[in-house]
Number of protein chains: 2
Amino acid sequence: MTQTPLSIPLDRASPIPLYFQVAREIERRILDGELAAGTRLENEVVLADRLGLSRPTLRRAIGYLVDRGLLVRRRGVGTQVVRPRVRRPVELSSLYDDLTRAGEEPRTEVLRLVVEEPPPAVAAVLELPEGGRAYTIERLRRIGDGPLALMRNHVPADLVRLDEDALRDHGLYQLLRAAGVRLKVASQSIGARVATAAEARVLEERRGAPLLTMDRTVYDDVGRVVEHGSHLYRASRYSFELTLTG
Amino acid sequence: MTQTPLSIPLDRASPIPLYFQVAREIERRILDGELAAGTRLENEVVLADRLGLSRPTLRRAIGYLVDRGLLVRRRGVGTQVVRPRVRRPVELSSLYDDLTRAGEEPRTEVLRLVVEEPPPAVAAVLELPEGGRAYTIERLRRIGDGPLALMRNHVPADLVRLDEDALRDHGLYQLLRAAGVRLKVASQSIGARVATAAEARVLEERRGAPLLTMDRTVYDDVGRVVEHGSHLYRASRYSFELTLTG
DNA sequence: GAGTGGTCTAGACCACAGC
DNA sequence: CTGTGGTCTAGACCACTCG
């Protein structure tokens, strides 16, 4: 496979770290096809030298791309461009964000929005203090000409102020992030069951139609519970796409 | 929150990198509860000094744990232990591995095992050359007293040699890894539908019972397609548990 | 202003791959 | 053996947070 002398313009006055400028530029060239699959990069010492960087800084750039799966490093061999892939990482994104990114135009119907002392099971998941209050949100997400998902969420009341207008025009995660909440990890469970009569009616399905269920609990960067949701998706119109790395 | 002077024994003769010795030890103390949630670590300069390490090396250890979500670093503030969580990362594991780890005893029935020129759709996904051959594997996974999943997999024939005995006693990924295949990324799609009559019969469900479907394509570290699978799970007995990080 | 993490440098030595 | 990445050091300066 080819070896390519690499030249990257650096802006040392920029607030963007040098290692990131390098990583971003290499990534761009891989995605653009300028650096084809299998291409060998020059060795780290030479490359760092040409770019006018120290080797640790260059290594940091390369390491970043190795972690993201765009490059492979092998001791004694060298660094190569991996066969390019759709590699959307597993992200902490909401259905709304996903749809928007996919060029769809989701519409949201807010069925219920209250602040209340939630039932004990929910309070436990949210780790609310005694008597703590939380939003309960029920929304119907539509896309194109029909419903896609029925969503119930719970958010501790002291984290953010929510209103129906905001929820109609934005994803819940957008609103949380805008309120300064730093979403960090989520654990979720995906299952399936058939629709009850009531669910079928709301989702415009037949009774007994297959539904995907998703329960998710989201934590912020210091481990506080930030949100819990139980969602139902029409299996006929939705599936979860994931990229795993190991 | 408390601040803790940290002392960690290092073995400079060990082949295990110093940064990793440090990271592993801090992780252990967090998981053991010795370092409670909210605990502040000493600042990097002092800590590096006490451990007899350079600051970059110590930072690498901390950075590793930050990436894994066990620590938070904030400029001008310090480094803190995050509220401990179940944080099983999204892993490239097989159903067999998952069950074994959970203490279950999966049994596998090999329904079909052939090497053939697969249908064009499968050949395309596997990126086989013209006339390339692949294993087609159909297995029924049982656990406890009943079936759990019906699995169909395709693996390029030149990657590994598979036989019925091996597949009965091991997960497919185990066998691939043992053959030197380096599983790296997978993209998968999770959906739901109802069982056909034939599927219901094999899975001992009623016709119309909800099933989880999972299609997965796995790539190795240089982007070659290593495996493709289409699986069916009984929703009554199985759900996908994921941990996402953002 | 004092204290913290964020970045960067210019070296060094080692371990492994492949000839 | 030569060439590669893997680790580590001992500093330096900067940017941000908070009292």
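The values are calculated or read from the model by the stated rules, or taken from the named source; none is laboratory data. Keep in mind that what you see is a predicted model, and the values were worked out from it rather than measured. Note that we place each Cβ from the backbone using ideal geometry, even for glycine, and neighbour counts take in every protein chain shown. Calculation scope for accessible area: heavy atoms of the full protein, side chains included, ligands and nucleic acids excluded. Shrake-Rupley method; radii C 1.70, N 1.55, O 1.52, S 1.80 Å.
Does B:Arg177 meet the test of being of a type in the set (D, E, K, R), within 11 Å of chain A (Cβ to nearest Cβ) and in contact with an Asp or Glu (Cβ under 7 Å, 6 or more places away or on another chain)?
So B:Arg177 fails the test.
Would a scan of the stretch A:185-197 turn up a residue that is more than 13 Å from every other protein chain (Cβ to nearest Cβ) and at pLDDT 85 or above?
Looking for residues that are more than 13 Å from every other protein chain (Cβ to nearest Cβ) and at pLDDT 85 or above, one finds at least one in the stretch A:185-197, hence yes.
Sort out which residues of the stretch A:214-246 are of a type in the set (S, T, N, Q) and under 18 Å from the mean Cα position of the chain (by Cα), and write them in order of number.
A:Thr217, A:Ser230, A:Ser239, A:Thr243, A:Thr245
Evaluate the following for B:Leu65: is it at pLDDT below 95, within 9 Å of DNA strand D (Cβ to nearest atom) and closer than 26 Å to A:Gly63 by Cα?
Here the answer is no, as B:Leu65 does not meet what is asked.
Can you find a residue that is modelled with pLDDT under 90, of a type in the set (A, V, I, L, M) and in a strand (DSSP E or B) anywhere in the stretch A:76-94?
Yes.
Of all the residues that make up the stretch A:65-83, how many are touching a residue at least 12 places away in the same chain (Cβ under 8 Å), within 12 Å of DNA strand C (Cβ to nearest atom) and more than 11 Å from every other protein chain (Cβ to nearest Cβ)?
Summing the residues that are touching a residue at least 12 places away in the same chain (Cβ under 8 Å), within 12 Å of DNA strand C (Cβ to nearest atom) and more than 11 Å from every other protein chain (Cβ to nearest Cβ) in the stretch A:65-83 gives 1.
Of the conditions (1) within 14 Å of DNA strand D (Cβ to nearest atom); (2) assigned to a helix (DSSP H, G or I), A:Gln21 fails just one. Which one is it?
Failing condition for A:Gln21: (1).
Considering each of B:Arg201, B:Arg182, B:Arg107, B:Arg161 in turn, give the residue that is open to solvent by 60 Å² or more (accessible area, probe 1.4 Å) and within 14 Å of chain A (Cβ to nearest Cβ).
Exactly one of B:Arg201, B:Arg182, B:Arg107, B:Arg161 is open to solvent by 60 Å² or more (accessible area, probe 1.4 Å) and within 14 Å of chain A (Cβ to nearest Cβ), namely B:Arg182.
Give the residues of the stretch A:49-62 that are away from chain B (no Cβ under 14 Å) and near DNA strand D (Cβ under 9 Å from one of its atoms), sorted by residue number.
If the condition is that a residue be away from chain B (no Cβ under 14 Å) and near DNA strand D (Cβ under 9 Å from one of its atoms), then A:Ile62 is the only one that fits.
Select, from B:Arg141, B:Arg168, the only residue that is under 21 Å from the mean Cα position of the chain (by Cα) and free of Cβ contacts under 8 Å to residues at least 60 places away in the same chain.
B:Arg141 is the lone residue from the list that is under 21 Å from the mean Cα position of the chain (by Cα) and free of Cβ contacts under 8 Å to residues at least 60 places away in the same chain.
Within the stretch B:139-175, how many residues turn out to be at pLDDT below 90 and closer than 17 Å to B:Ser230 by Cα?
Residues meeting the conditions: 2.
Considering every residue within the stretch B:32-41, establish whether at least one is in a helix (DSSP H, G or I) and either assigned by TED's automatic domain parsing to the domain that holds B:Arg74 or within 13 Å of DNA strand D (Cβ to nearest atom) (or both).
Checking the stretch B:32-41: at least one residue is in a helix (DSSP H, G or I) and either assigned by TED's automatic domain parsing to the domain that holds B:Arg74 or within 13 Å of DNA strand D (Cβ to nearest atom) (or both).
Taking the stretch A:12-59, which residues are open to solvent by 60 Å² or more (accessible area, probe 1.4 Å) and touching a residue at least 24 places away in the same chain (Cβ under 8 Å)?
A:Phe20, A:Leu31, A:Arg40, A:Asn43, A:Arg50
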